[in-house]
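Notes follow once the structure below has been shown.
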Amino acid sequence: MRRQIYRLAPALAIIVLTTACMTPPGDTVASQRQSVHNMRRDALTKLYMIRPGTKAIIRRAAGYGVFSNVNINLLLVSAGAGWGIVRDNRTGKATYMKMGSAGIGIGLGVKDFRGIFVFTTRRAMRQFVEHGWNASAQADAAAKTGKQGGALAGAIDVAPGIKLYQITEHGLALQATIQGTKFWKDDELN
């Protein structure tokens, strides 16, 4: 019995830690929305400082999404959770969303990052917002503690009409996982 508990401990720890990351900070819907907008502003400011040309790319795009995600990898189990917002550049409409991920693979660490999706077509943005989006297969290495280090690659194509920039906030992760990530509308904030 004790041996089984020790085997399940990493998975239980991941579930508890990532569940806490699923909702934006705040006690009310209004304060949670404000937290999402603050995160978006901060992430875009960092992206524009690191890659100044992205400001024009995002302005010309059909829309964009900015997500805060915490991913935890403990031995053979990994999980992540987060939240964000998608903005339609033509209408100005904002859609609040959640995200979650789970997987298996060898690794150890915690990675707090911002994902900035650029939708080059209206169809890709509509599909992402209305039907969610699934991603799988992840392999990455990122290291940053405090103000040291950092990681930002150029945009990668993650699906037709969708490019992704990823900014690592802080943490240390070395992982190779097969992981599924799902995005969906946040019913409480919309």
Give the long-range amide H neighbours of Trp133: residues separated by 5 or more places, or on another chain, with amide H under 5 Å away, using H modelled in the peptide plane at 1.01 Å from N.
Phe183
Surpassing 21 Å at the alpha-carbon level, of the pairs Lys46/Lys182; Lys46/Lys93; Lys93/Lys185, are Lys46/Lys182; Lys46/Lys93
Determine the gain in length on full extension of the stretch Asn38-Thr91; use 0.36 nm per residue of separation and subtract their C-alpha separation, reporting nm with one decimal.
17.0 nm
Thr121 to Ala159: extension gain in nm, 0.36 nm per residue of separation minus the Cα-Cα distance?
12.6 nm
Please list, in order along segment 40-49, the HN-Hα scalar couplings obtained from phi with the Karplus expression 6.51 cos²θ - 1.76 cosθ + 1.60 (θ = phi - 60°), rounded to whole Hz, x for Gly and Pro.
4, 4, 5, 5, 5, 4, 5, 4, 5, 5
Calculated from backbone phi, Karplus (6.51, -1.76, 1.60) coupling profile of segment 50-63 in Hz, x at Gly/Pro
6, 10, x, x, 5, 4, 5, 4, 5, 4, 7, 6, 5, x
Pop the C-beta distance of Thr28 and Ile104 into the FRET formula with R0 = 30 Å and round what comes out to the nearest 0.05.
0.20
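Laboratory data are not the source of any read-out in this text; all were calculated from the coordinates shown. Note that the structure is predicted; figures quoted are calculated from it, not measured. Cβ: placed from backbone, ideal geometry, glycine included. Neighbour counts: every protein chain shown.
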